[in-house]
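Following: one structure in structure tokens, then a few remarks.
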Amino acid sequence: MPVTHFSEVHTGLADYEIQGELGRGGFGQVLLARHRILGRLVAVKQISPAAMHDDDAVARFRREAALLAALDHPGIVRVYDFRTGPAGAVLILEYVPGQSLRQALDRGPMPVPRALSVLADVAAALAAAAARGIVHRDVKPANVFLLPDSRAKLGDFGIARAADTRLFRTADGMLTGTPAYLPPECLLPEYEPHGHGDDYSFAVMAYEMLVGVLPFQGEGLVLLGQHGHRAPAAPELHRPGFPPAATEALLAGLAKEPAGRLPAVALATRLAAVPEGDWPPPAAHRPVGDDTTQVDPLPRTTLGAPRPGVPAARRRWRSPAQLALLAIGAAIVAVVVAVVLVVRAGPGRLQVEGMALEVTPSVGQCPRADFEFVAVVRTNGASGQLRLQWTRPDGRRTDVLSVAVADGQRRAQARLEFTVTGGGPLTGTATLAVLGPDRLTSAPAPISYRCP
């Protein structure tokens, strides 16, 4: 058993009694232990024997101890001791009872007052770290710990570093952190971690807590590219009635330009200033796929952009492989997904009350650009059938989509996604039309694909 093995080999912990395992990761185990004399519970973080052969990993582990020891703040997990020996190294930390913010969010939406209190505590902790020149570099819900007294603490400075690069420097080109929360500037070759990056990660976390979803979706480099080139979806698209003042504050915190980004403390302050009555009620928590209607994606299609001087009658459709090989034209992939969210019931005949359409980004550059159109159709909440049809930027219409709306469903969200590549320019607009039960067409959303 890992706990027994740990207590046996690490003779330097004779003054502690191991109680159990709190978690494990790439560095090793985190154990719960009790001091045999003082009776104090602590968290013991061990670096794995395999990682002890990695000089950089050991240096980061030592750095975590030094950084945490320099911070004495109620919103930061305290460090009590750091020990090394033949069996490895351990960091003895303050034990934070309760759960992580990640665990809490996975169980369902957090009430706004509680979320704002947590954000205020984390922002204060980041400010205290920044005052000592320390950048956390991995601000995310998994590293925020919720106490039973409703306070929150920020922990896991394992990849933190001093902002003064004369003291600490990572290997050239090394990228550390969690993609969903990384700032867009981290992909730049000359990037050096700074407090503005923590501000961005904090804003992503705030968006997730208050809106209910992450501002960007995807995996790996695709997700990082969205941070760099896409605007986050307006919170109203995911949570109807979201306060405009809160939207403005969140988007300021997610600014692409580091110098123009709203600092974490200022963001928490502006969010707290929104009157409590302005916040919409939290959405009911449901497992993924529950109470939703999924519409099968359209078949993938490829549109070849015309070469200059070629008449329309001679335009030819080409496969993605041909486009890539010949470096002409643009490949367009269209996918439509409609999701109906249950909010509250509404009697009578199904009626369409309005529609909003936005696109991110609106301008893309060679050699590749991803465009996403998001439309929200608002209804009166009665049951019935919605018939939707997209008009794509190339002027062609998609098949008509039929969406069954149950009693109480007030919103339908439809997406149209384009991936454009190639050497030819492309301009156009997309619209979504509701064909029934009421006719309504959205305002056109334009895109432009430019090539130098």
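Between 218, 228, the distinction of being assigned to a loop (DSSP other than H, G, I, E, B) and modelled with pLDDT under 90 belongs to 218 only.
Among the residues of the range 349-376 satisfying the criterion of being farther than 22 Å from residue 435 by Cα and of a type in the set (A, V, I, L, M, F, W, C), which is surrounded by the most Cβ atoms within 10 Å (Cβ to Cβ)? That would be 371.
Each residue in the range 428-452 was checked for being assigned to a strand (DSSP E or B), under 30 Å from the mean Cα position of the chain (by Cα) and not charged (D, E, K, R), and 10 pass. Please go through the range 250-275 and give me each residue that is under 20 Å from residue 360 (Cβ atoms) and not in a helix (DSSP H, G or I), ordered by number. Residues satisfying the conditions are 254, 255, 256, 257, 261, 262.
Checking the range 403-423 against the condition returns a match, with at least one residue being surrounded by 18 or more Cβ atoms within 10 Å (Cβ to Cβ) and either assigned to a loop (DSSP other than H, G, I, E, B) or more than 30 Å from the chain's Cα centre (by Cα) (or both).
One residue alone among 107, 83, 114, 102 is free of Cβ contacts under 8 Å to residues at least 40 places away in the same chain and either surrounded by fewer than 22 Cβ atoms within 10 Å (Cβ to Cβ) or in the same structural domain as residue 142 (by TED's automatic domain parsing) (or both), and that residue is 114.
When the residues of the range 427-449 are narrowed to those that are touching a Lys or Arg at 6+ places or on another chain (Cβ under 9 Å) and among the small types (Gly, Ala, Ser), which ends up farthest from residue 405 (Cα to Cα)? Only one residue tops the list, namely 428.
The values are calculated or read from the model by the stated rules, or taken from the named source; none is laboratory data. All figures in this text were calculated on a predicted structure; none of them were measured in a lab. Please note: Cβ atoms are built from the backbone with ideal geometry, for glycine as well, and neighbour counts cover all protein chains shown.
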